[in-house]
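The values are calculated or read from the model by the stated rules, or taken from the named source; none is laboratory data. Keep in mind it's a predicted model, so treat the numbers as computed, not measured. We place every Cβ from the backbone using ideal geometry, glycine too, and count neighbours over all the protein chains shown. In case anyone asks, the SASA skips ligands and DNA or RNA and just uses the protein heavy atoms, side chains included. Shrake-Rupley method; radii C 1.70, N 1.55, O 1.52, S 1.80 Å.
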Amino acid sequence: MNIIEAKQLTKVYHTGVLDVHALKDVSLSIAEGEFVAITGRSGSGKSTLLYQLGLLDHPSSGSVQIDGIETIGLSSDQRTVMRLSVLGYVFQDYALIPSLTALENILVPLLMQGDVYGVAEQKAKDALQRVRLLDRANNLPSQMSGGQQQRVSIARAIAHSPKIVFADEPTANLDSETSRAILDTFLDLHTQGQTIVMVTHEPEFAALAQREIIMSDGVITNVITHKSS
Amino acid sequence: MSSQKVQSQPSFFTSLSVGWFLATRDLARASRWTTLLIISVMTLTFLNLVVVSGILVGLIQGSVDANKRQYTSDIFITEPLSKVYIEDSRLLASTARATEGVIGVTERYLSSAKIEANYKRQVQADETRDTANASVAGISPVDEDIVTGLSSEIAEGEYLEPGETGSILMGADLLYKYNQITSPDIQVLDEVTIGDTVRVTIGDTVNEFVVKGILDSKLSEIDLRIFMNEGELRQLINRRATNADEIAIMVEPGTDLVPILDTLRSLSGPDGALVRTAEEAQPKFLQDITATFAILGNAIGSIGLAVASITIFIVIFVNAITRRRFIGILKGIGITSTAIQWSYMFQSLFYAGAGIAIGMCLVFGVLKPFFAEHPIDFPFSDGILVATMGGTLLRAGLLLIATVIAGFLPAKIVVRQNTLDAILGR
């Protein structure tokens, strides 16, 4: 079953007199439990595609179905609720809230889902345990390394058991050793059945995904199925 | 597929509790100096709201209080407009004295007088005599002191003794030394000191009196009068003891005035003496000024409230703008706009609440007692700080409401921005 169905996605940025076509009639499907990497050169439209699929942005035209729900036409609040209940995000620069500890960063979306504090706290600790950072639960982001912050970001993305985790170049700011550890975390999640859509410009990391979607100039130019996963 | 499958919005309580969670963490981990600065601004804003209008009203309240304390006391009885004195004032006074809760009663006999100083000096043809017109009040020094504390207004010399004759107390505004007016319409005595003899003309009677003391208050009913023992004045104006012009009655604090007023009014009859409370007996100009200053106080208060709202708006807006990216991230991970807005409203409520709490402590613990002990020396009153608990709480409530709105609006403006743009800092 496909958990993501995108059809003829187009995204045009209006910059003064010039219209920039970041996506041009992109269509793709992603199956539940699949690990997909989106790659391409800088400016190829890979991050733009991720933002449309992850409901962080509105496409200029086309449609996106997430878990069977047509998202075009949803209100801003409905999209927020969908992001909360169905999706998880890992951003390139971790995007943790600096005034919250690692545990609290993970707690917030759980509390927003309506979990009582005790239940939310346990889920957050479980998520931290999964990324092997429970001992840093009470640390603020500024007290952690980049790799640790990214693992907290992953824990936040998975704590509420989303159907899809989107990752936007999660290893871009990390050294190779830490990057490999982050990738291993994603592979672990995938092994447990998590659907993952990851943007990366590293061919080596893309090769770890089941499927690699290669983009150039706003269109999908190639799709590679990897055997290693 | 339809959007009906989308999960329902988080409940109001959930948004509220997440807003609280975010706000408490933000506040707990914010820079202490920044927090202190914002609370200081809020404290000053609250003080601006309460103290400026409080002082303004306090200027007049000082006069009102002085008028009551030094002149009318709690109940004030005067002759009706159609009569020159109170009929059977002794009955009213003795009834008042016998009434429970009454601390003191003073009867005053009044007449107009012309006072002349330095009258033994030869006056040249181009010189004017050192004269002034005044109202003369005959009092019982003991009763008057109990009710109005007149002896405490002595600026020079001594207070009158009971039964003392040939001595007067002189109001300071009758003397050039205290009242340096050069208008040809207003006469003051040029050179009078304690122990000087002045000539007092009452009707056709001329007598000499020694100036025993000078009274300096900020009340014209004291400062433009001369005082002597009531027996002596009654003799001069040929007035019986039962026909005083004014009666001031002091009662214990908290005493219900209504039964006392009813008793005295029934005694005086419908066409008899005017029996009024201090408030009713306030001079019309004081009532008018009080009303005008109250309007001014409210106007200044409204401006203060607007300034406070703008201040909070700016503080929260700057706070929200600098955290625009984090607001975007919160929205990105599914935190609703309502929860984020609550977070900022809680923070602004905290800043305003802390500012108000400190401001209240300063107003009631420091400023009000200070101004009560050290009134502001205005020409016409001793200015105090008028800040009732009810009025201050009302202003605090208005400030909190303004705070909620002023905290909500900037948060809403920032929250409404495109989520992705906020995350990417575009």
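Observations, loosely collected:
- When B:Asn207 is tested against the conditions (1) open to solvent by 40 Å² or more (accessible area, probe 1.4 Å); (2) under 26 Å from B:Gln70 (Cα atoms), the lone failure is (2).
- Pairs are defined by a Cβ separation below 9 Å, a sequence spacing of at least 6 or placement on different chains, a first member in the stretch A:207-222 that is free of Cβ contacts under 8 Å to residues at least 40 places away in the same chain, and a second member that is in a strand (DSSP E or B) and among the charged types (D, E, K, R); the pairs so defined are A:Asn222/A:Glu212.
- Residue pairs whose Cβ atoms lie under 7 Å apart, separated by 6 or more positions or on different chains, with the first residue in the stretch B:187-199 and outside any loop (DSSP other than H, G, I, E, B) and the second open to solvent by 50 Å² or more (accessible area, probe 1.4 Å), are B:Leu189/B:Tyr176; B:Thr197/B:Glu208; B:Thr197/B:Val210; B:Arg199/B:Val206; B:Arg199/B:Glu208.
- Among residues of the stretch A:57-103 being touching a Leu at 6+ places or on another chain (Cβ under 9 Å) and among the small types (Gly, Ala, Ser), the one that is nearest to the other protein chains (Cβ to nearest Cβ) is A:Ser99.
- Test: B:Phe21 is surrounded by fewer than 16 Cβ atoms within 10 Å (Cβ to Cβ), within 10 Å of another protein chain (Cβ to nearest Cβ) and of a type in the set (Phe, Trp, Tyr): no
- Flag for B:Ser348 being surrounded by 24 or more Cβ atoms within 10 Å (Cβ to Cβ), more than 14 Å from every other protein chain (Cβ to nearest Cβ), more than 30 Å from B:Leu59 (Cα to Cα) and more than 27 Å from the chain's Cα centre (by Cα): yes
- Scan the stretch B:383-426 for residues that are of a type in the set (A, V, I, L, M), within 14 Å of another protein chain (Cβ to nearest Cβ) and open to solvent by 40 Å² or more (accessible area, probe 1.4 Å) and the total you get is 1.
- Residue in the stretch A:83-102 that is open to solvent by 40 Å² or more (accessible area, probe 1.4 Å), in contact with a helix residue (DSSP H, G or I) (Cβ under 6 Å, 6 or more places away or on another chain) and not aromatic (Phe, Trp, Tyr) present: yes
Residue-wise test of (1) without any contact (Cβ under 8 Å) to a residue 60 or more places away in the chain; (2) within 14 Å of chain A (Cβ to nearest Cβ); (3) among the β-branched types (Val, Ile, Thr).
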position	(1), (2), (3)
B:Gln9	no, yes, no
B:Leu27	no, yes, no
B:Ser31	yes, yes, no
B:Ile39	no, no, yes
B:Thr45	no, no, yes
B:Leu59	no, no, no
B:Arg69	no, no, no
B:Tyr85	no, no, no
B:Arg90	no, no, no
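- Search result, residues across the stretch B:335-347 that are of a type outside the set (Gly, Ala, Ser) and part of a helix (DSSP H, G or I): B:Thr338, B:Ile340, B:Gln341, B:Trp342, B:Tyr344, B:Met345, B:Phe346, B:Gln347
Rundown of residues vs (1) open to solvent by 40 Å² or more (accessible area, probe 1.4 Å); (2) more than 23 Å from B:Glu144 (Cβ to Cβ), yes/no style:
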{"position": "B:Glu221", "(1), (2)": "yes, no"}
{"position": "B:Met228", "(1), (2)": "no, no"}
{"position": "B:Asp245", "(1), (2)": "no, no"}
{"position": "B:Asp256", "(1), (2)": "yes, yes"}
{"position": "B:Leu261", "(1), (2)": "no, no"}
{"position": "B:Ser268", "(1), (2)": "no, no"}
{"position": "B:Ala281", "(1), (2)": "no, no"}
{"position": "B:Gln287", "(1), (2)": "yes, yes"}
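- Set side by side, the residues B:Gly304, B:Gly328 differ, and just one is within 9 Å of chain A (Cβ to nearest Cβ), out of contact with any strand residue (DSSP E or B) (no Cβ under 6 Å at 6 or more places or on another chain) and within 30 Å of B:Trp20 (Cβ to Cβ), which is B:Gly328.
- Residue match in the stretch B:319-339 (condition: of a type in the set (Phe, Trp, Tyr) and more than 30 Å from B:Asp65 (Cα to Cα)): yes
- Note on the stretch A:112-143: among residues that are open to solvent by 20 Å² or more (accessible area, probe 1.4 Å) and aliphatic (A, V, I, L, M), the one that is nearest to the other protein chains (Cβ to nearest Cβ) is A:Leu140.
- Selected residue [touching a helix residue (DSSP H, G or I) at 6+ places or on another chain (Cβ under 7 Å) and either surrounded by 23 or more Cβ atoms within 10 Å (Cβ to Cβ) or facing another protein chain (nearest Cβ under 9 Å) (or both)] from A:Leu107, A:Leu49: A:Leu107
- Search result, residues across the stretch B:159-186 that are among the β-branched types (Val, Ile, Thr) and in a loop (DSSP other than H, G, I, E, B): B:Thr165, B:Ile181, B:Thr182, B:Ile186
- Condition met for B:Met170 (under 21 Å from B:Pro141 (Cα atoms), modelled with pLDDT under 95 and of a type outside the set (Gly, Ala, Ser)): yes
- Residues being assigned to a helix (DSSP H, G or I), open to solvent by 60 Å² or more (accessible area, probe 1.4 Å) and either among the charged types (D, E, K, R) or touching a Leu at 6+ places or on another chain (Cβ under 6 Å) (or both) - total across the stretch B:351-382: 2
- Selected residue (criterion: least open to solvent (accessible area, probe 1.4 Å)) from residues of the stretch A:1-46 that are touching a residue at least 12 places away in the same chain (Cβ under 8 Å) and acidic (Asp, Glu): A:Glu34
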